[in-house]
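Okay, structure first, notes after.
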Amino acid sequence: MRKVKIFVGTLTLLLGVVSLAYVSEKKENPSKEAELLNQGVVYMESEEAGGPEIVYAKPVRGVLFSHKYHAKELGLSCESCHSGIFEMQALKSQENPDFNMEALYKGKYCGACHNGQSAFASNTKCANCHIGVKGMKEYIKKLAVSEKKK
């Protein structure tokens, strides 16, 4: 009977510690998540990817630019975009007042290529880039995992 009480007591203590750790982690993550949802996410999958995955938060949350797709799969050079279309600093473009779909339709930013001739038009295939808050949260999780590995 004594062994059962010790076992139950130890198990209860262990569950309490695990629960406390879980609750503490949950309290920290929402503020970091909220910050990233408002600022945007820059997630570097690997050096071989050709640059980070960028998830813009402005003017709408959850718009993905994949360096991996554009640089590695399509073979575009950095200069293809960074010679006047985009600045080298990730997320910098979203601070510009004209960083919106109207500007894309006029050939700025992504619209320089996504014009229906070089690549699909920016007014088609919306879900290719607009991954939304749910998709953005997936990148936030990936970022958190990669930061824990460091």
Query raised in the report: In the stretch 100-149, what count of residues is obtained for those that are assigned to a loop (DSSP other than H, G, I, E, B) and closer than 24 Å to L74 by Cα?
Result: 18
**Report entry** Contacts under 6 angstrom Cβ, first residue in the stretch 113-142 being within 16 Å of A103 (Cα to Cα) and in the same structural domain as F65 (by TED's automatic domain parsing), partner among the aliphatic types (A, V, I, L, M) and part of a helix (DSSP H, G or I), 6 or more apart
**Finding:** S122/L104
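From A90, A119, A112, A103, grab the single residue that is within 13 Å of G51 (Cα to Cα), surrounded by 13 or more Cβ atoms within 10 Å (Cβ to Cβ) and not basic (K, R). Break it down stepwise before answering.
On the way: A119 fails: within 13 Å of G51 (Cα to Cα); A112 fails: within 13 Å of G51 (Cα to Cα); A103 fails: within 13 Å of G51 (Cα to Cα).
Going through A90, A119, A112, A103 in turn, just one is within 13 Å of G51 (Cα to Cα), surrounded by 13 or more Cβ atoms within 10 Å (Cβ to Cβ) and not basic (K, R): A90.
The values are calculated or read from the model by the stated rules, or taken from the named source; none is laboratory data. Since this is a predicted model, take the numbers as computed values, not measurements. Note that each Cβ is placed from the backbone with ideal geometry, even for glycine, and that neighbours are counted across all protein chains shown.
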